[in-house]
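This report concerns only the one structure given below.
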Amino acid sequence: MSETIALHCDGCGQKPSAEHIARRLERLEWATRYRPVHIHTLLLGGMSPLDDREFVYSPKGEFCGEAALVFSAAGVALASKEVDAALAEFQRGGFFLTHVLECPLESASEDANGLTRLLARQLSAVGTRIRRSLKPKRAVLFSRILEPVLDQVLSLSLGCPVVLDGGRPFDLKDPDGGKAALRLREALAVPVTG
C-alpha cells in the first residue's frame, strides 16, 4: 500500500499547487538576478506581496505598493528609469529584500493566528538562510505582520544587527502619513560598518 506524503513549500510552508511552485520559482529567478555579491542591508518583510507590481524584483516594472515604498526608502528614484536600471541601482546599493514567507498566502481565509503559525514555522529556515547564505551586514525588519514573532526573530542570532523602528518593525504603510517610511529612509542612510 502506498502512502501519500503532503509536501509543503520550502519558501512559505503552505501546501503548494503546481501553479504555486511555478510562481515561487519565477520569483526566485527574478530575485537571484539582482542579489548583490555582498549584502550590506537585508530588508526582511513578513510576506511576499500577491501583486507582482508590489514585488521589488518584478521585471514587469509598474512598481507600486511595497516595491515603490522600498525603492523610495533605499533612495532609488523610479521616475523615467528603466526597470533594469532601478533594480541594478538597488543591487549596487547593497540591498537585498526577502520575506519570511516568500510566497503570498494561497487562501485569503487565513486568519491572523494561522499567519502567525506560518511565520513561526518558517523562522528557523529563514535564520539559517540569513546566517549561512545571505550574510548581510545588517537586517532591517519592515513589516508589522512580524510583530507577533518579533522575539523569535531577535533570538535567531542572525549574525548581524537587526534594525527596528523604536523596537518594532518599520511599517511602510503606516497611517501617520509616511513617518515610518521616512525613519526607514534615515536608518538606511546610516553607513553599514564592519
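The values are calculated or read from the model by the stated rules, or taken from the named source; none is laboratory data. Treat the numbers as computed from the prediction; the structure is a model and nothing was measured. Here Cβ is always computed from backbone atoms with ideal geometry, including for glycine, and neighbour counts include all displayed protein chains.
A Cβ distance below 8 Å, combined with a sequence gap of six or more or placement on separate chains, defines the contacts here; from region 166-194, residues that are surrounded by 12 or more Cβ atoms within 10 Å (Cβ to Cβ) and part of a helix (DSSP H, G or I) reach residues that are charged (D, E, K, R) and at pLDDT below 85 in the pairs A180/D174; A181/D174.
Table: residues versus (1) crowded, with 18+ Cβ neighbours inside 10 Å; (2) of a type in the set (F, W, Y); (3) touching a residue at least 40 places away in the same chain (Cβ under 8 Å).
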residue	(1), (2), (3)
F63	yes, yes, no
S72	yes, no, yes
G75	no, no, yes
S80	no, no, no
V83	no, no, no
F96	yes, yes, yes
H99	yes, no, yes
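Checking the stated criteria, V56 turns out to be aliphatic (A, V, I, L, M) and either in contact with an Asp or Glu (Cβ under 9 Å, 6 or more places away or on another chain) or under 16 Å from S143 (Cα atoms) (or both).
Before we move on, is T41 under 16 Å from the mean Cα position of the chain (by Cα) and either among the basic types (K, R) or crowded, with 19+ Cβ neighbours inside 10 Å (or both)?
Yes.
Scan region 151-165 residue by residue and report those that are surrounded by fewer than 16 Cβ atoms within 10 Å (Cβ to Cβ) and not in a helix (DSSP H, G or I). Scanning region 151-165 gives S155, S157, G159, P161.
Filtering region 72-85 for residues that are in a loop (DSSP other than H, G, I, E, B) and in contact with a Lys or Arg (Cβ under 9 Å, 6 or more places away or on another chain) leaves a non-empty set.
Please verify whether region 50-70 includes one or more residues that are within 23 Å of G159 (Cα to Cα), among the basic types (K, R) and either in a loop (DSSP other than H, G, I, E, B) or modelled with pLDDT under 95 (or both). No.
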